[in-house]
Each structure stands twice: as C-alpha cells, then as structure tokens.
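Heads up, the thing below is written out as structure tokens.
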Amino acid sequence: MAGVTSPLRLTDIAAQAAVSEATVSRVLNGKPGVAAGTRHKVLAALDLLGYERPVRLKRRSNGLVGLLIPELTNPIFPAFAQVIEQALAGHGYTPVLCTQTPGGATEDELVEQLEERGVTGIVFLSGLHADAHADPARYQRLAARGVPFVLINGFNEQVNAPFISPDDRAAADMAVRHLQDLGHHRIGLAIGPTRYVPSARKEQGFLTALPTAEADGLIQRTLFTVEGGHAAGMALLDRGCTGIVCGSDPMALGVIRAARERGLRVPQDVSVVGFDDSPLIAFTDPPLTTVRQPVRAMATAAVGALLEAVSGTPVQRTEYVFQPELVVRGSTAQVP
C-alpha cells in the first residue's frame, strides 16, 4: 500500500471525496482549517478505498447514541440505519444499533441496557411510539431521566419529543390518484394493522382519495411482509381489484406473487404500487412503482434534532412531516 503522501493515493482520495488534493493532505496530516463536513468526506473516502487511517486521525468519540429498529428483513430499516449512523459519525458520535427479534429483548429492555452504558441519546425508528395501543408513559419516564431522544415514523401527542414522519396520508392519496389516472376504478389497499399510526394515516389518505361507499370493503389489513402482502393480494383480487396500493415494498412483492399465482400479469392485468422505495426495489420484475420515503432527509433531520437536545437546546413536542414522492416504474399501467 502506498504511503499517506503518495500522489496516487492523494489523487484517488481527492477524487472519491470530491475535494482538492491539498485538502486531503491537510486532513491526513491533522492540520486545522478544514470544515468538519469536509473532514468527514475525506475520512469516508479513506474507508471506501480500503485505506487504513493514520494513527493521528483516530479521535475520541463524543459519546454513544442508541439506534433502535424493529428488524433488518425489510430493507428500508437498514437504509435508515445507514444514513443515521453516517450522520452520527460525522458529528463524532458512535452509533449503537439495537435490533428487536422475536423472542429477544424488548424495546424497554434495550433502552435499559443503553442507559446502563451511558448513551448520550437514543433514536427510535418505528418503535412502540408508532403503536396507538402502547403506553406512552415509557417515553415520559425516559425524558424525566434526562435522556434525549427522537422518534421516527410514528406519533403520539402525549410524548414531548421531536417526531420525524413522512406524510403517509399524501402517500396513499398520490398512489390512488396515479391508478385513477390510468383508468382504474376498483382499487384496493393492502395495509398493516391500523393500531400503527403510519397504517392508520395511509388508510385515511386512501379513503380521502377514494370516497366511495365500497372503498372501506377494499382495505385488507395484514402484516407488513411479503407473506402479508400475498394474503392481502389474494383477498383483494377476489374482490375484483385491478389496482392495489400497498403499505410497504415487501407487501407489494407479495401482491405480485399472488397475482402471478392467479395467472395474472403485472402490470397488464393488475397494477401494484408499493411504499418506501427501499434499496434494490427498482430491479424487481417488474420494477416496482412505489411511493418514495425521503429516507436521507428524514434521517438527517432526526440526528439534527437529537443533537440539538443533547446540546441543551429545549426541544418541544413537534412533528416534522416530510413529503413523499411517487416513483413510476413498470408495475403500473392502463387498466385492462
């Protein structure tokens, strides 16, 4: 491996980080006068190119920050985790990823373990705060103990903390209107249990966009999984739906599988819309039309809100709502 002053190495790192070679040299030699964001880009380039960081660049962490996510099987959660961890690292914090598994530690137990390790703050992604049946007192107690936290994808008016959410109502509305523009009238919704705030909001958006007497009968509540989507797809196809809006991308893949088992083609016979635009979903067969959740903007905002609270800035109960985007690909077409 070339030394840290090798022109070839400086050139490669500068190109990867989109900065000048002089800036790379200043960072590698620990010189002042480089913005924190630029320094982080150079260090990221070092890591991506497989170079070992010089000893002088190793720094003390500003503290641990817990990140609680429900699972890793749905690719949208690792996508959020990656952006959140990158943002935390850019501010000098060390992320601690905690994933819940069936039969494993509960959210409350994971929080207790994080507190025992003296975490600086916690980011909750699609946690119990999204469950309308869960007791919000757990978050009130956490706040009373002085632990800063921020909550993504879910809202509870009894919790005094910053919330980061996509506009789920708008997401369902734009998906339905897209199918209507393609001539579909019999449109179904495959969604998770409405005890979860994102599901309830998508259902509200669906009913707003499709205000017919029979619309409620075209909602199938199931699990946010491929298997859940498959079951919902079978039920909605039985009800004559030619277009189906789904609460997640894995559910949409399950609906497509159900359609194919019925001998139906997607999108020629049935159009399917997902939600999230999770990684690799553009490469499915057919490429999935979906409503993109603005992961990077939401994750960056969550870290910013958390670090404000860590710095002592008073944080009010506020929900920051981000606008989703319809991404049209190959799984939707004109009604047959």
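Looking at the stretch 178-186, is at least one residue among the polar types (S, T, N, Q), surrounded by fewer than 22 Cβ atoms within 10 Å (Cβ to Cβ) and under 25 Å from Asp131 (Cβ atoms)? First the steps, then the outcome.
Just the residues of the stretch 178-186 that are among the polar types (S, T, N, Q), to begin with: 180.
Checking the rest, the ones that are also surrounded by fewer than 22 Cβ atoms within 10 Å (Cβ to Cβ) come to 180.
Now narrow it down to the ones that are under 25 Å from Asp131 (Cβ atoms): none.
There is no residue in the stretch 178-186 that is among the polar types (S, T, N, Q), surrounded by fewer than 22 Cβ atoms within 10 Å (Cβ to Cβ) and under 25 Å from Asp131 (Cβ atoms).
Are any residues in the stretch 285-312 polar (S, T, N, Q), in contact with a helix residue (DSSP H, G or I) (Cβ under 9 Å, 6 or more places away or on another chain) and farther than 19 Å from Phe155 by Cα, and if so, which ones? Walk me through it before giving the result.
Looking only at the stretch 285-312, we keep the residues that are polar (S, T, N, Q), and these are 289-290, 293, 300, 311.
Now drop any that are not in contact with a helix residue (DSSP H, G or I) (Cβ under 9 Å, 6 or more places away or on another chain), which leaves 289-290, 293, 300.
The answer is Thr289, Thr290.
Considering only the stretch 64-76, I want to know if a residue exists there that is at pLDDT 95 or above, among the small types (Gly, Ala, Ser), open to solvent by less than 70 Å² (accessible area, probe 1.4 Å) and under 27 Å from Ala134 (Cβ atoms).
Yes; the residues of the stretch 64-76 include at least one that is at pLDDT 95 or above, among the small types (Gly, Ala, Ser), open to solvent by less than 70 Å² (accessible area, probe 1.4 Å) and under 27 Å from Ala134 (Cβ atoms).
If a residue has to be assigned to a helix (DSSP H, G or I) and touching a residue at least 24 places away in the same chain (Cβ under 8 Å) to count, how many in the stretch 184-214 make the cut? Talk me through it step by step, then tell me what you get.
Narrowing the stretch 184-214 to residues assigned to a helix (DSSP H, G or I): 197-209.
From what is left, the residues that are touching a residue at least 24 places away in the same chain (Cβ under 8 Å) are 197-206, 208-209.
Residues in the stretch 184-214 being assigned to a helix (DSSP H, G or I) and touching a residue at least 24 places away in the same chain (Cβ under 8 Å): 12 in total.
Let's see how each residue does on (1) within 29 Å of Thr225 (Cβ to Cβ); (2) touching a residue at least 60 places away in the same chain (Cβ under 8 Å); (3) in contact with a strand residue (DSSP E or B) (Cβ under 7 Å, 6 or more places away or on another chain); (4) crowded, with 17+ Cβ neighbours inside 10 Å:
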site: Thr94; (1), (2), (3), (4): no, no, yes, no
site: Glu107; (1), (2), (3), (4): yes, no, yes, yes
site: Val123; (1), (2), (3), (4): yes, yes, yes, yes
site: Ala137; (1), (2), (3), (4): no, no, no, no
site: Gln140; (1), (2), (3), (4): no, no, no, no
site: Val150; (1), (2), (3), (4): yes, yes, yes, yes
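From (1) in a loop (DSSP other than H, G, I, E, B); (2) within 17 Å of the chain's Cα centre (by Cα), pick out the condition that doesn't hold for His129.
Result: His129 passes all but (1).
Please go through the stretch 240-270 and give me each residue that is more than 13 Å from Glu227 (Cα to Cα) and basic (Lys, Arg), ordered by number.
Within the stretch 240-270, Arg260, Arg262, Arg265 qualify.
Quick one: how many residues across the stretch 192-220 are out of contact with any helix residue (DSSP H, G or I) (no Cβ under 8 Å at 6 or more places or on another chain) and open to solvent by 30 Å² or more (accessible area, probe 1.4 Å)?
6
Can you report the number of residues in the stretch 7-23 which are touching an Asp or Glu at 6+ places or on another chain (Cβ under 9 Å), surrounded by 12 or more Cβ atoms within 10 Å (Cβ to Cβ) and at pLDDT below 85?
The total comes to 1.
Kindly indicate whether any position in the stretch 308-316 is among the aliphatic types (A, V, I, L, M) and touching a His at 6+ places or on another chain (Cβ under 6 Å).
Step one: of the stretch 308-316, the residues among the aliphatic types (A, V, I, L, M) are 309-310, 315.
Going one step further and asking which of them are touching a His at 6+ places or on another chain (Cβ under 6 Å), we end up with none.
No.
The values are calculated or read from the model by the stated rules, or taken from the named source; none is laboratory data. Since this is a predicted model, take the numbers as computed values, not measurements. All Cβ positions, glycine included, derive from the backbone under ideal geometry; neighbour counts span all protein chains shown. For the accessible areas, the whole protein counts, side chains as well, though only heavy atoms, and no ligand, DNA or RNA atoms are used. Shrake-Rupley method; radii C 1.70, N 1.55, O 1.52, S 1.80 Å.
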